[in-house]
1. Residues that are open to solvent by less than 10 Å² (accessible area, probe 1.4 Å), closer than 26 Å to B:Arg77 by Cβ and within 10 Å of ligand 2 (Cβ to nearest atom): find the helices (runs of 4 or more DSSP H) completely inside the range B:125-242 holding 2 or more of those.
2. Could you run through the range A:80-113 and say how many residues are under 21 Å from A:His8 (Cα atoms) and part of a helix (DSSP H, G or I)?
3. Just to be sure I understand the filter: pairs with C-beta atoms under 7 Å, separated by 6 or more residues or on different chains, first member in the range A:74-93 and without any contact (Cβ under 8 Å) to a residue 12 or more places away in the chain, second member of a type in the set (Phe, Trp, Tyr) and surrounded by 13 or more Cβ atoms within 10 Å (Cβ to Cβ). Which pairs pass?
4. What is the residue count in the range B:93-119 for residues that are within 14 Å of chain A (Cβ to nearest Cβ) and open to solvent by 20 Å² or more (accessible area, probe 1.4 Å)?
5. For the range A:3-34, which positions are closer than 30 Å to B:Cys216 by Cα, over 12 Å from the mean Cα position of the chain (by Cα) and open to solvent by 70 Å² or more (accessible area, probe 1.4 Å)?
6. Among the residues in the range B:55-63, are any open to solvent by 80 Å² or more (accessible area, probe 1.4 Å), touching a residue at least 60 places away in the same chain (Cβ under 8 Å) and assigned to a strand (DSSP E or B)?
7. Going by the conditions given, is A:Ser96 more than 23 Å from B:Arg214 (Cβ to Cβ) and without any contact (Cβ under 8 Å) to a residue 60 or more places away in the chain?
Amino acid sequence: MIRPHRTHALWYAFILHRVSGIVLALFLPLHFYMLSLALTDPAQLDGFLVFADLLIVKCAEFALVFLLAVHMFGGLRLMALEFLPWSPRQKTFAASAVALAFLISTSFFLQAM
Amino acid sequence: MSETGEFLQVSIWREQDGNGHFESFQVPRRDNQTILDVVAWVQQQADPTLSYRFACRVGMCGSCAMMVNGAPRWTCRTHVQKVADDNRLEIAPLRNLPVIKDLAVDMDPFFDKWVAAEAVFEPSQTRDDPMPPINPQDPMRIAASDAIECINCAVCYAACDVVAANPDYLGPAALNRAWSLVNDSRDDGQDARLKAVSGGGGCHNCHVQQGCARYCPNELNPTLSISGLKRATAKSLLGWGQ
Ligand code: SF4
Ligand code: SF4
Ligand code: FES
């Protein structure tokens with residue numbers, strides 16, 4: 001349960017940024033390992049690419065692209081907040097980061113289908 | 001105040017010598033009743049040993065803050081109507097500070113951090129010097145004034161998860177005060193102040209969740225002040241002056 005003092009939009013933006021960061025940190029080494037297979041073991045990579053064609057894997061990719069995009073836009077918001085003059089529209093920025101990430105990941109998903 | 005015939009189910013934290021538990025009370029509900037009215041009713045009508053703190057009852061002194069249904073509030077200006085959850089109230093001492101007894105917390109760590117943050121005015125002149133003119137339209141003065149109406153209630157301090165996680169963190173109120181002084185043209189303590197707020201427990205700990213700004217009863221924005229300090233310390237590190 002989320003404690004009452006945390007139930008506000010910018011706390012959710014904070015937790016989304018952290019969680020997406022952790023998931024990406026776990027995913028990226030795997031991602032680079034898979035890429036490296038193109039050089040070291042193309043047969044295994046081909047096997048993996050067949051697996052990556054499954055619908056469930058496509059959905060997982062959608063989630064990953066969303067996390068990547070939301071982490072990037074959320075990070076831009078934080079950098080702007082820390083280095084540019086303060087803007088009172090932080091909630092709007094956080095919501096826009098989520099909306100943009102959703103847009104990008106959905107178009108990725110539709111294209112991948 | 002007129003009685004409404006309804007009753008509030010109130011759980012109040014009781015603590016003495018480190019042992020604490022919630023105790024239930026039934027309090028008559030009234031129109032325009034504040035949380036402080038509820039606590040005072042319990043102390044006057046049900047249990048005179050209940051300890052709590054207040055002074056002005058009009059949102060000036062900053063001594064009455066408590067956790068109400070899990071969120072920090074100034075209790076003298078918080079209406080029951082605004083926060084009661086189906087006539088239920090849970091009233092606990094302010095988070096992130098040691099409890100003295102029941103609802104009264106020890107504010108020393110909070111104020112010690114104001115001193116540690118150099119959030120104290122350092123005069124650049126003496127009383128014998130002429131008063132320097134202050135232009136209220138000056139951008140620095142506007143920044144100082146925006147942060148100045150703090151009543152030291154520690155609501156922001158209780159809302160902050162970084163304070164909870166890092167006992168050394170100076171916290172939103174002390175840093176907000178430091179920021180108002182960074183913008184005070186009469187102050188002569190800037191180097192020491194920037195050093196103090198950029199140390200281990202300083203402004204760079206803030207995770208910009210804005211719990212402080214969400215709950216500050218005077219609608220101050222310590223997050224804004226802290227991001228100002230982050231920029232000021234970065235600039236002084238790069239030798240760009242303030
Ligand atoms: S914005 Fe910073 S100071 Fe304010 S509650 Fe969050 S972490 Fe604490
Ligand atoms: S900044 Fe606001 S919440 Fe924090 S101590 Fe001052 S008045 Fe209270
Ligand atoms: S009693 Fe003074 S602020 Fe509440």
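1. Details: elements: B:139-146, B:155-159, B:161-165, B:172-182, B:190-197, B:211-215, B:222-237.
Counting at least 2 such residues, we get B:155-159, B:172-182, B:222-237.
2. Taking the range A:80-113 first, the residues under 21 Å from A:His8 (Cα atoms) are A:80-82, A:86-102.
Okay, now just the ones that are also part of a helix (DSSP H, G or I), so A:80-82, A:90-102.
So the count comes out to 16.
3. Once the first residue is without any contact (Cβ under 8 Å) to a residue 12 or more places away in the chain and sits in the range A:74-93, no partner that is of a type in the set (Phe, Trp, Tyr) and surrounded by 13 or more Cβ atoms within 10 Å (Cβ to Cβ) comes close enough.
4. 2
5. A:Arg3, A:Tyr12
6. No - not one qualifying residue is present in the range B:55-63.
7. Numbers: more than 23 Å from B:Arg214 (Cβ to Cβ): no; without any contact (Cβ under 8 Å) to a residue 60 or more places away in the chain: yes.
Taking the combined requirement at face value, the residue does not satisfy it.
Residues are listed down the side, and each one gets a yes or a no for (1) modelled with pLDDT of 95 or more; (2) within 14 Å of the chain's Cα centre (by Cα); (3) within 13 Å of ligand 3 (Cβ to nearest atom); (4) not assigned by TED's automatic domain parsing to the domain that holds B:Leu36:
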| residue | (1), (2), (3), (4) |
| --- | --- |
| B:Cys56 | yes, no, yes, no |
| B:Ala65 | yes, yes, yes, no |
| B:Gly70 | yes, no, no, no |
| B:Pro93 | yes, yes, no, no |
| B:Trp114 | yes, yes, no, yes |
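The values are calculated or read from the model by the stated rules, or taken from the named source; none is laboratory data. Bear in mind that the values here come from a model prediction, so they are computed numbers and not experimental data. Note: ideal-geometry Cβ built from the backbone for every residue, glycine included; neighbour counts use all protein chains shown. Heavy atoms of the whole protein, side chains included, go into the accessibility calculation; ligands, DNA and RNA do not. Shrake-Rupley method; radii C 1.70, N 1.55, O 1.52, S 1.80 Å.
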